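The values are calculated or read from the model by the stated rules, or taken from the named source; none is laboratory data. The structure displayed is predicted, hence computed values, not measured ones. Cβ coordinates were reconstructed from backbone atoms using ideal geometry, including for glycine residues, and neighbour counts include every protein chain displayed.
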């Protein structure tokens with residue numbers, strides 16, 4: 001995928017007429033408490049219809065243009081998400097939608113996402129990555145938009161290759177902030193931001209990249225690739241970092257060279273040909 005600049009569109013969340021939102025949160029709350037549910041309006045596909053309606057029409061237009069997902073498909077994927085996701089997570093997402101739509105809040109999303117809905121285990125995770133705050137309220141110095149912190153994120157799909165590449169963010173703009181994460185002293189020795197500080201910052205980033213980098217920042221690493229891992233980064237070979245600082249070094253290296261970086265969670269059959277981190 002080639003893009004000249006990462007751009008966003010925005011729109012207002014929609015509030016359904018009637019009691020649809022009341023049923024949405026009431027039903028999910030009862031599911032969380034494991035109560036018996038008899039109302040037809042509590043069927044998961046009915047709840048999914050309400051959640052899908054709340055999303056701006058322009059957002060649906062993007063889902064069709066980029067993912068070929070029409071409204072029926074979106075409802076289907078949200079229904080599956082409600083089946084797969086713990087009830088507290090689904091309830092928190094529904095409450096967020098209800099409150100945001102009630103106040104006619106504006107949400108934004110990338111015009112050309114650098115990931116697909118299959119990159120997340122369930123569609124709610126895709127929505128959490130796509131929906132970001134408006135520029136005035138939620139943009140950091142890197143130009144990466146902030147996600148909505150009260151909308152629970154999802155997990156990236158395992159056994160799949162995830163890339164950071166030129167469609168992910170403005171490389172030059174993010175690179176300009178590299179001194180916040182690693183800088184060199186008078187003697188040329190590197191000093192790094194703490195692991196907790198890195199995770200805290202990356203957790204606010206929208207898109208797949210925020211979930212990807214935060215998940216990659218760990219206190220220890222294991223190799224899940226069936227052919228084993230190497231101790232030093234090499235193109236086309238699974239790299240197991242010694243610590244988060246080694247991972248940070250590699251990320252900054254690829255950013256300075258404007259080159260792609262691959263991540264995998266679990267084993268993969270076909271290895272990527274780029275620099276690659278096995279997690």
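Of the residues that sit in the range 181-190 and are surrounded by 11 or more Cβ atoms within 10 Å (Cβ to Cβ) and assigned to a strand (DSSP E or B), which one is nearest to the chain's Cα centre (by Cα)?
182
Could you please give the count of residues in the range 254-279 that are under 21 Å from residue 171 (Cα atoms) and without any contact (Cβ under 8 Å) to a residue 12 or more places away in the chain?
1
Quick one: in the range 97-124, of everything that is within 22 Å of residue 50 (Cβ to Cβ) and at pLDDT below 95, which residue is surrounded by the most Cβ atoms within 10 Å (Cβ to Cβ)?
97
Out of the residues in the range 223-253 that are within 18 Å of residue 162 (Cα to Cα) and free of Cβ contacts under 8 Å to residues at least 40 places away in the same chain, state the one that is surrounded by the most Cβ atoms within 10 Å (Cβ to Cβ).
Result: 247.
Output the residues belonging to the range 79-127 that are in a helix (DSSP H, G or I) and either within 23 Å of residue 6 (Cα to Cα) or in the same structural domain as residue 262 (by TED's automatic domain parsing) (or both).
Matches in the range 79-127: 117, 118, 119, 123, 124, 125, 126, 127.
Quick one: is residue 18 modelled with pLDDT of 80 or more and outside any helix (DSSP H, G or I)?
No: the conditions fail for residue 18.
Please find, within the range 137-180, the residue that is surrounded by the most Cβ atoms within 10 Å (Cβ to Cβ) out of those that are assigned by TED's automatic domain parsing to the domain that holds residue 125 and within 22 Å of residue 192 (Cα to Cα).
Result: 144.
Every residue, every condition in (1) at pLDDT 75 or above; (2) assigned to a helix (DSSP H, G or I); (3) buried (at least 17 other Cβ atoms within 10 Å of the Cβ), yes or no:
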| site | (1), (2), (3) |
| --- | --- |
| 35 | no, no, no |
| 38 | no, no, no |
| 61 | yes, yes, no |
| 64 | yes, yes, no |
| 77 | yes, yes, yes |
